[in-house]
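S.K.: Let me begin by handing over the structure; questions about it come next.
The values are calculated or read from the model by the stated rules, or taken from the named source; none is laboratory data. Values in this document were obtained by computation on a predicted structure and should not be read as measured data. Quick reminder, even Gly has a Cβ in these numbers, built from the backbone with ideal geometry, and neighbours come from all protein chains shown.
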Amino acid sequence: MDSTSTPASSSPAPALSEDILTLPNVLTILRLASTPLLGYLVVQGHMEHACVLLFVSGLTDVLDGWIARARGSYTVFGSIADPAADKALMTVMVLALAYRGLLPASLVALILGRDIALVISAFFVRYRTLPEPKTFSRYFNPRLPSATVTPTQLSKYNTFLQLLLVGGATLLPITPEWFQEASQTPWNIYMALVAITTVWSGVGYLGGGGSAKFLGNKAREVAAKRFKGSKQDKS
């Protein structure tokens with residue numbers, strides 16, 4: 001949800017299939033299911049096993065996106081589950097690493113606080129731009145768009161830096177002691193960089209940055225009419 005809302009493109013988006021049991025979705029489900037185990041391994045100090053599972057989890061994240069694009073296998077479930085699985089993994093990992101003393105609590109608070117703020121903001125934007133009537137079913141209906149969402153470049157950089165942060169914090173304890181001592185200063189600098197980009201990207205999105213634009217009234221009216229028509233066709 002860390003993103004900038006922009007007017008809908010004139011080119012059609014990939015058609016969303018309702019077939020949930022696709023290979024990309026299965027990989028996403030496996031990644032989500034492995035997240036509690038990954039957190040448990042970190043909390044218990046089994047860092048070697050945690051590194052292996054984290055690598056496999058990251059590999060499934062790459063593969064599900066690649067397969068979905070290659071096969072045109074897009075689903076409503078996948079569009080929701082994939083980013084949810086990523087956020088769940090990041091949340092569990094930073095909390096587990098903080099519990100082990102491998103990440104400072106202040107940095108973890110920044111990462112989680114930013115994500116919570118963005119989620120709240122996204123819910124507000126959805127409500128604000130939703131065509132009337134604003135009902136519960138319409139609010140959560142993905143076929144009734146009110147704004148198009150694309151990640152900002154800064155948020156992409158920040159996500160990448162956070163992934164490296166989690167991977168590095170998981171791997172560092174199993175490296176030789178001399179390496180841990182030599183990397184202490186560079187690692188502290190890197191954590192400061194992650195903190196800066198986390199705050200910067202969050203403030204930039206919440207502040208709008210002059211680039212937050214939603215679907216216009218006409219486009220929203222068209223979407224509402226299409227939704228109404230589909231409801232009538234089913235009745």
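S.K.: Condition (residue is under 28 Å from GLY39 (Cα atoms) and either at pLDDT below 85 or part of a helix (DSSP H, G or I) (or both)) applied to the stretch 137-154: is it met by at least one residue?
M.R.: yes
S.K.: Could you give every pair whose Cβ atoms fall below 6 Å, whose first residue belongs to the stretch 176-194 and is within 18 Å of LEU97 (Cα to Cα), and whose second residue is surrounded by 10 or more Cβ atoms within 10 Å (Cβ to Cβ), counting only separations of at least 6 or pairs across chains?
M.R.: Short answer, once both residue conditions are applied: MET191/LEU107; VAL194/LEU161; VAL194/LEU165.
S.K.: Does the stretch 197-221 hold any residues that are surrounded by 13 or more Cβ atoms within 10 Å (Cβ to Cβ) and at pLDDT 50 or above, and which are they?
M.R.: THR197, THR198, VAL199, TRP200, SER201, GLY202, GLY204, TYR205, LEU206, PHE214, GLU221
S.K.: Continuing with this model, one more query. Could you identify the single residue in THR35, THR75, THR91 that is surrounded by 18 or more Cβ atoms within 10 Å (Cβ to Cβ) and out of contact with any strand residue (DSSP E or B) (no Cβ under 7 Å at 6 or more places or on another chain)?
M.R.: THR35
S.K.: For the stretch 37-80, give me each residue that is in a helix (DSSP H, G or I) and of a type in the set (Gly, Ala, Ser).
M.R.: GLY39, ALA50, SER57, GLY58, GLY65, ALA68, ALA70, GLY78, SER79
S.K.: How many residues does the stretch 114-138 hold that are in contact (Cβ under 8 Å) with a residue 24 or more places away in the chain and either small (Gly, Ala, Ser) or touching a strand residue (DSSP E or B) at 6+ places or on another chain (Cβ under 9 Å) (or both)?
M.R.: Qualifying residue count for the region: 5.
S.K.: Looking at LEU130, LEU110, LEU89, which one is touching a Ser or Thr at 6+ places or on another chain (Cβ under 6 Å), at pLDDT 90 or above and either more than 26 Å from LEU59 (Cβ to Cβ) or among the acidic types (Asp, Glu) (or both)?
M.R.: LEU110
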